[in-house]
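I have placed the structure first, in the form of structure tokens, so that the comments after it can refer back to it.
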Amino acid sequence: MIDVVLLSLGLVLLVKSADLLVMGATGLAARIGMSALAIGLTVVSFGTSLPELLVSLTSGLRANADLAIANVIGSNIFNVLVVIGIAACIRPLKVQNSTVFSEIPFSLIAALLVGFLANAALFSSVPQLSISRLDGVILLFFFALFVLYVFKISRDGQRDTAVDASPMSLSRAWGLIVVGVAGLYLGGQWCVDGAVGVARAWGVNDALIGLTIVAAGTSAPELVASGVAAYRGQSDLAIGNVVGSNIFNILWILGLTATIVELPFKVVTNTDIVMVIVASTLVVIALVASRNFTIVRTHGFLLLLAYFGYLAFVIHRG
């Protein structure tokens, strides 16, 4: 009962905090002339990725690599299929051309990179798979390149799409962002603690928990933030949050965790990495199939259907 109450309170806090974060980020974008997409790729993504960071770091330090890796991979799958799916069902998402050809491919490269690094030992004399400290440094290097890219497109004004927001002072915008991030952090903690408590009572293993319960719990901030952004008509924030969060998860969170402690890697996890790539590819196909790079409600429904199919597979495998 305590776990159920904790989970419920966490969800309520997530909803309100995400609303504050989106309001603050939109106000900040309008105030400083930074595009909504750039804000979504950085400020909002960082805030909504805090639960994943905490779970993966804590799991890695406790020598629970299965949960640390599964949390990141599972969250990325959830973000693409469920978060974008639900956001598109709320309101069709118009995606900028360069997002299709730049940010989404970058997230695909990040997934391919972690897959290659984790399996690199297969080509050595001692095939003991892991994401080593050196691998972590490489992931962080690519994350630095991503941050520089976002800074450049923001500074050069390549994405100067108008942000529909009421005039807001910088102090108020940052205040909303800080309060929103803090609420997301705490709400994400309560959601995960409650969900894990319920799962433990059912006798579910750590890898399955990480790919399902914990992944969904730590992705709840992304879900609420993108859902609220879609409802407010801020498609750039909704998409930027998901793409940015996925890049943050793999390059920043997994990279930082592996730099601190080496993470043993199981071959079966390759299936889940492939699913990350497939999920992102489905989004690209949906965008290309549409006339004006828009993820419509039908696409959103199909993405949700794909996630439930994957979920059934993972539960059966587990």
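Of the residues Ser280, Ala111, Ala70, the one whose Cα sits farthest towards the positive end of the charge dipole of the chain is Ser280 (charges of +1 on Lys and Arg Cβ, -1 on Asp and Glu Cβ, taken about the Cα centre). Listing Met275, Met23 from fewest to most neighbouring C-beta atoms within 10 Å gives Met23, Met275. Tell me which label goes with the value of Rg and Dmax of the Cα atoms in Å computed from the coordinates here: [x] 20.0, 70; [y] 18.5, 62; [z] 23.1, 101. Here Rg and Dmax of the Cα atoms in Å agrees with entry [y].
For segment 113-120, backbone phi angles converted through the Karplus equation (6.51, -1.76, 1.60; θ = phi - 60°) give residue-by-residue couplings of 5, 5, x, 5, 5, 5, 9, 4 Hz, Gly and Pro being listed as x. Residue by residue, segment 223-228 carries 3J(HN,Hα) couplings of 4, 5, 4, 6, x, 5 Hz when phi is fed to the Karplus relation 6.51 cos²θ - 1.76 cosθ + 1.60 (θ = phi - 60°); x denotes Gly or Pro.
Amide H contacts of Ser130 (H built 1.01 Å from N, in plane; Pro and chain starts excluded): Ala121, Phe265 sit under 5 Å, all sequence-distant by 5 or more or on other chains.
Highest mean first, the peptides 244-250, 180-186 sorted by other C-beta atoms within 10 Å per residue fall in the order 244-250, 180-186. Take the Cα of Arg62, go 7 Å toward its beta carbon, and the backbone nitrogen atoms of segment 201-232 under 18 Å from that spot belong to 201-219. Placing +1 on each Lys and Arg Cβ and -1 on each Asp and Glu Cβ, with no other charges, gives the chain a dipole about its Cα centre of roughly 460 debye. Taking every Cα-Cα distance in segment 191-266 and sorting them into 5 Å bins from zero, the calculated P(r) comes out as 3, 14, 17, 18, 19, 16, 9, 4, 1 percent. Sorted on the mean count of surrounding Cβ atoms within 10 Å across their residues, most packed first, peptides 220-228, 235-243 read 235-243, 220-228. When peptides 116-123, 28-35 are ranked by their average number of other Cβ atoms within 10 Å per residue, the highest-first order is 28-35, 116-123. Taking other C-beta atoms within 10 angstrom as a stand-in for reagent exposure, Thr42, Thr298 fall in the order Thr298, Thr42, fewest first. Here the Karplus curve 6.51 cos²θ - 1.76 cosθ + 1.60, taken at θ = phi - 60°, turns the phi angles of segment 258-267 into couplings of 5, 5, 7, 9, 5, 10, x, 10, 9, 4 Hz, with x standing for Gly and Pro. Which one, Ser169, Val147, Ile247, projects farthest toward the positive side of the charge dipole computed for the chain from Cβ point charges (K/R +1, D/E -1)? Farthest towards the positive pole: Ser169. Of Arg62, Arg91, Arg133, the sequence from fewest to most neighbouring Cβ atoms within 10 angstrom is Arg62, Arg133, Arg91. Placing unit charges on the Cβ atoms only, positive for Lys and Arg and negative for Asp and Glu, gives segment 198-318 a dipole magnitude near 280 debye about its Cα centre.
Bear in mind that the values in this text are calculations on the coordinates, not laboratory data. Keep in mind that what you see is a predicted model, and the values were worked out from it rather than measured. Neighbour counts are summed over all protein chains in view; Cβ atoms, including those assigned to glycine, are modelled from backbone coordinates with ideal geometry.
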